[in-house]
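S.K.: Submitted below is the structure of interest, expressed as structure tokens.
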Amino acid sequence: MTVKDMVYAALFAAVTAALGLLPMVVVPMVAAPITAQSLGVMLAGGILGAKRGALALAVFTALAAAGLPLYAGGRGGIGLFLGPTGGFALGYVLGAFLTGWLTERMWSRLNAVKAFVAGVAGGIGMVYLLGIPWLGAVARIGLHKAFIGSMVFLPGDLLKAALAAVIVVAIKKAYPIIGK
Amino acid sequence: MFEICLSRVTWLHRVPAGIKLSVLAVAGAAVFLTDDRRVLAGLVGFAFSLPLLAWLPLRPLARQVLPAAVLIAALVVFHLALGDADSAVLVAARLSTVILLAVTLTLTTRASAMVEAMERILAPLRFVGVSPAKAGFTLSLAIRFIPVLFAITGEIREAQKVRGLERSVVAVALPLLVRTLRMADDLSEAIAARAYDGD
Amino acid sequence: MIELNGVSVRFGDLTALYPVSLSLAERRVAVVGSNGSGKSTFARLLNGLVVPSTGEVRVDGLSTARDARAVRRKVGFVFQNPDNQIVYPLVEEDIAFGLKNLKLPKAEIAARVDAVLTRYGMEALRTRPAHLLSGGQKQMLAISAVLVMEPDYVVFDEPTTLLDLRNKRRVARAIAGLPQTAVVVSHDLEFLADFERVLVFDAGRLVCDGPPATAIPFYRDLMAAEADGV
């Protein structure tokens, strides 16, 4: 790990925490407001690449587990990782890696559509892949119902992937990090 | 500092973080591995009595527990509606034990002590090339910069308010990211200028 | 002594600094110029944060390119924005950071941290989180964190730009009291008046080099002419 790796990871962990301050829409069926926080997964991967992006989310996750109130609404602590939604939290780290890996592969010809695909694969696909079976097992509701239940979040997450794609392409022009 | 840990010290604060983490790990594993009602009842009793024995104030406790409690209640209702009382009891017992113990740990342990405990747990990763000193340094850097980025986010939202854009995620995130990336370059230089040669 | 020999700096196809040769032996050297004039690049050359594209920078005979590590220990650097250079969450931890990098024994680190906190009247801030300090306190922390390493030279890159008048004076006083050689990049002409030497940069070139009595009026005229030209 170079100094740059550590600095980027630390700062994007902090960005992910700060995104929790931005309210998006309040989905009527879900009590909690959906914030921009999970954008951090797609942005860290899409802007920093696989290794640094995953590191950033690992730092965010470790500090939240250690008891900093980093999740939206001032929540945190190790309980978030042991409860029914723990799989989603772990999915953040691997999701950032996947988004970053795909973004690096498509870097020279990156456009909003490709950035969207990378964001969906990592920030939705990977996160749900870990989160849903975990939820099904821990809550004893089975895979199928856990899947259906999680679909409430899909529209919001797709919207975030679209926003992330716009931002990643804009940052590639303004301040490219990958390939530098 | 900016953390969930209560500033009013209880006897649980004085128990080393490593011991509290071990208790959580053992109780957390036990509650998921056993179906025995007596063992489960014992663990639930332990989880509910610990915050009471430590005289934790109710308001911060409720604030951390509430979102999980809503979810657990929904799951219990769901299982009961399907006539599966066994699952309702198991889910309620398991999740409330884990959540209560974890929140109690978080409320009574300083983040710095938790980070140190994690460094010790992760120390064996040294053999696969992860340096505990670097990991610790990265965590400290993030702790230092979280309040800075909160402040910057506030400033940017303020500025975008004038243009009616403070709720636009892109209008806030884009300047936030550009400033963060510039800051990363400055900060890397500042670390090098102070003779850090960890790489 | 710091010596530059035919030093130029290019970033890609952009020339940030055209060839310059000079030696700095004065105790107080000021560097002025408009934004993009090359003054920050010049400052970063002095401790090896930027390495020359041509020529060589030597600090007491050490090359900034080849002996980077030794040069960084000799030449401290204070940045414009303290928020981008305070590394650790707590005041005392941040001051100790550089000393730990120098691998000093614990007792000496503690003694030096105490001494610098006392010298700048910051004992009460010792265990405070850095993000709760005022702008002036943050800059004094950043300066203390560099001075505690006891460098022979200190470079300041616009140390007072983000501060209010009272804190500008406080920082200026701290710089004036340094026993070391100080090179200060600044827009505060008032505070540079009692420096021994002033370097004026414009569009990547060193255009004037002399005592404040001649260099500061030159710089004022240059800025006025550029403003009229636009």
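The values are calculated or read from the model by the stated rules, or taken from the named source; none is laboratory data. Since the model is a prediction, treat every value here as computed from it, not as a measurement. Note that we place each Cβ from the backbone using ideal geometry, even for glycine, and neighbour counts take in every protein chain shown. The area values use the complete protein model at the heavy-atom level, side chains included, leaving out ligands, DNA and RNA. Shrake-Rupley method; radii C 1.70, N 1.55, O 1.52, S 1.80 Å.
S.K.: Only one of (1) in contact with a Ser or Thr (Cβ under 9 Å, 6 or more places away or on another chain); (2) facing another protein chain (nearest Cβ under 7 Å); (3) surrounded by fewer than 17 Cβ atoms within 10 Å (Cβ to Cβ) is not met by B:Gln160, so which one is it?
M.R.: Among (1) in contact with a Ser or Thr (Cβ under 9 Å, 6 or more places away or on another chain); (2) facing another protein chain (nearest Cβ under 7 Å); (3) surrounded by fewer than 17 Cβ atoms within 10 Å (Cβ to Cβ), the lone unmet condition for B:Gln160 is (2).
S.K.: For region B:41-127, give me every one of the helices (runs of 4 or more DSSP H) that falls completely inside it and has 2 or more residues that are within 23 Å of B:Leu12 (Cα to Cα) and among the basic types (Lys, Arg). Outline the logic, then answer.
M.R.: Values: elements: B:58-81, B:85-107, B:111-122.
Here the list reads B:58-81.
S.K.: Right, here's the next one. Taking region C:112-127 only, how many residues are surrounded by 17 or more Cβ atoms within 10 Å (Cβ to Cβ) and either in contact with a Leu (Cβ under 8 Å, 6 or more places away or on another chain) or more than 20 Å from C:Gly76 (Cβ to Cβ) (or both)? Let's see the steps before the verdict.
M.R.: Our first condition is that a residue be surrounded by 17 or more Cβ atoms within 10 Å (Cβ to Cβ); within region C:112-127, this holds for C:112-113, C:116-117, C:120, C:122, C:125.
Keeping just the survivors that are either in contact with a Leu (Cβ under 8 Å, 6 or more places away or on another chain) or more than 20 Å from C:Gly76 (Cβ to Cβ) (or both) gives C:112-113, C:116-117, C:122, C:125.
Of the residues in region C:112-127, 6 are surrounded by 17 or more Cβ atoms within 10 Å (Cβ to Cβ) and either in contact with a Leu (Cβ under 8 Å, 6 or more places away or on another chain) or more than 20 Å from C:Gly76 (Cβ to Cβ) (or both).
S.K.: Out of the residues in region B:1-23 that are open to solvent by less than 50 Å² (accessible area, probe 1.4 Å) and farther than 19 Å from B:Trp55 by Cα, state the one that is nearest to the other protein chains (Cβ to nearest Cβ). Even if it seems obvious, please write down each step before you answer.
M.R.: Our first condition is that a residue be open to solvent by less than 50 Å² (accessible area, probe 1.4 Å); within region B:1-23, this holds for B:3-6, B:10, B:12-13, B:15, B:17-18, B:20-21.
From what's left, farther than 19 Å from B:Trp55 by Cα: B:3, B:18, B:21.
On the way: B:Glu3: 5, B:Gly18: 13, B:Leu21: 8 Å.
Restricting to residues being open to solvent by less than 50 Å² (accessible area, probe 1.4 Å) and farther than 19 Å from B:Trp55 by Cα, the top hit is B:Glu3.
A quick yes/no check of all residues on (1) open to solvent by less than 20 Å² (accessible area, probe 1.4 Å); (2) hydrophobic (A, V, I, L, M, F, W, C):
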position	(1), (2)
C:Lys100	no, no
C:Lys103	no, no
C:Ala110	no, yes
C:Leu133	yes, yes
C:Met140	yes, yes
C:Asp157	yes, no
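S.K.: Restricting to region B:98-108, name every residue that is within 7 Å of chain A (Cβ to nearest Cβ) and over 11 Å from the mean Cα position of the chain (by Cα).
M.R.: In the first step, residues of region B:98-108 are kept if they are within 7 Å of chain A (Cβ to nearest Cβ); the result is B:98-99, B:102-103, B:105-106.
Selection gives B:Val98, B:Ile99.
S.K.: Then there is this: Could you look through region A:107-132, keep only residues that are open to solvent by 60 Å² or more (accessible area, probe 1.4 Å) and touching a Gly at 6+ places or on another chain (Cβ under 9 Å), and pick out the one that is modelled with the lowest pLDDT?
M.R.: Residue satisfying both the conditions and the ranking: A:Ser108.
S.K.: Could you please tell me which pairs satisfy a Cβ distance under 7 Å, a separation of 6+ or placement on different chains, a first residue in region C:194-211 that is within 16 Å of C:Leu14 (Cα to Cα), and a second residue that is among the aliphatic types (A, V, I, L, M) and not in a loop (DSSP other than H, G, I, E, B)?
M.R.: C:Asp202/C:Leu222; C:Gly204/C:Ala16; C:Gly204/C:Leu17
S.K.: Could I ask something else about it? Select from region A:155-180 the residues that are farther than 18 Å from A:Thr103 by Cα and open to solvent by 50 Å² or more (accessible area, probe 1.4 Å) and list them in ascending order.
M.R.: Of everything in region A:155-180, those that are farther than 18 Å from A:Thr103 by Cα and open to solvent by 50 Å² or more (accessible area, probe 1.4 Å) turn out to be A:Pro155, A:Leu159.
S.K.: Does any residue of region B:28-44 turn out to be surrounded by 14 or more Cβ atoms within 10 Å (Cβ to Cβ) and under 25 Å from A:Tyr71 (Cα atoms)?
M.R.: yes
S.K.: With the structure loaded, tell me whether C:Val71 is modelled with pLDDT under 95 and surrounded by 21 or more Cβ atoms within 10 Å (Cβ to Cβ) or whether it fails that test.
M.R.: Numbers: modelled with pLDDT under 95: yes; surrounded by 21 or more Cβ atoms within 10 Å (Cβ to Cβ): yes.
Criteria met by C:Val71.
S.K.: For B:Ile191, are the conditions met, namely being at pLDDT below 90, among the aliphatic types (A, V, I, L, M) and either buried (at least 23 other Cβ atoms within 10 Å of the Cβ) or not in a helix (DSSP H, G or I) (or both)?
M.R.: Details: at pLDDT below 90: no; among the aliphatic types (A, V, I, L, M): yes; either buried (at least 23 other Cβ atoms within 10 Å of the Cβ) or not in a helix (DSSP H, G or I) (or both): yes.
Spelling it out, it is not the case that B:Ile191 is at pLDDT below 90, among the aliphatic types (A, V, I, L, M) and either buried (at least 23 other Cβ atoms within 10 Å of the Cβ) or not in a helix (DSSP H, G or I) (or both).
S.K.: Within region A:120-171, which residues are part of a loop (DSSP other than H, G, I, E, B), aliphatic (A, V, I, L, M) and free of Cβ contacts under 8 Å to residues at least 40 places away in the same chain?
M.R.: A:Ile141 - this is the single residue of region A:120-171 that is part of a loop (DSSP other than H, G, I, E, B), aliphatic (A, V, I, L, M) and free of Cβ contacts under 8 Å to residues at least 40 places away in the same chain.
S.K.: State which residue is modelled with the highest pLDDT when the search covers only region B:120-140 and only residues that are in contact with a Pro (Cβ under 9 Å, 6 or more places away or on another chain) and facing chain A (nearest Cβ under 10 Å). Break it down into steps so the answer makes sense when it comes.
M.R.: Step one: list which residues in region B:120-140 are in contact with a Pro (Cβ under 9 Å, 6 or more places away or on another chain), which gives B:120, B:122-123, B:125-126, B:140.
Subset that is facing chain A (nearest Cβ under 10 Å): B:122, B:140.
Numbers: B:Leu122: 77, B:Ser140: 88.
Here the residue is B:Ser140.
S.K.: While we're on this one: Taking region A:42-90 as the search range and keeping residues that are basic (Lys, Arg) and in contact (Cβ under 8 Å) with a residue 12 or more places away in the chain, which one is farthest from the other protein chains (Cβ to nearest Cβ)? Quick ask: steps written out before the conclusion?
M.R.: Just the residues of region A:42-90 that are basic (Lys, Arg), to begin with: A:51-52, A:75.
Pick out the ones that are also in contact (Cβ under 8 Å) with a residue 12 or more places away in the chain and you get A:51-52.
Details: A:Lys51: 12, A:Arg52: 10 Å.
Once the filter is applied, the top-ranked residue is A:Lys51.
S.K.: Which residues, taken from region B:169-182, are within 14 Å of chain C (Cβ to nearest Cβ) and open to solvent by less than 10 Å² (accessible area, probe 1.4 Å)?
M.R.: B:Thr180, B:Leu181 - these are the residues of region B:169-182 that are within 14 Å of chain C (Cβ to nearest Cβ) and open to solvent by less than 10 Å² (accessible area, probe 1.4 Å).
S.K.: Criterion first (away from every other protein chain (no Cβ under 14 Å), surrounded by fewer than 16 Cβ atoms within 10 Å (Cβ to Cβ), in a loop (DSSP other than H, G, I, E, B) and basic (Lys, Arg)) does C:Arg10 satisfy it?
M.R.: no
S.K.: Out of the strands (runs of 3 or more DSSP E) lying entirely within region C:119-217, which hold 1 or more residues that are more than 14 Å from every other protein chain (Cβ to nearest Cβ)? Talk me through it step by step, then tell me what you get.
M.R.: Working: elements: C:153-157, C:181-185, C:197-202, C:205-210.
Those strands (runs of 3 or more DSSP E) span C:181-185, C:197-202, C:205-210.
S.K.: Within region C:69-83, which residues are within 16 Å of C:Val155 (Cα to Cα), at the interface with another protein chain (Cβ under 7 Å from one of its Cβ atoms), in contact with a helix residue (DSSP H, G or I) (Cβ under 7 Å, 6 or more places away or on another chain) and not in a loop (DSSP other than H, G, I, E, B)?
M.R.: Residues satisfying the conditions are C:Arg72, C:Phe77.
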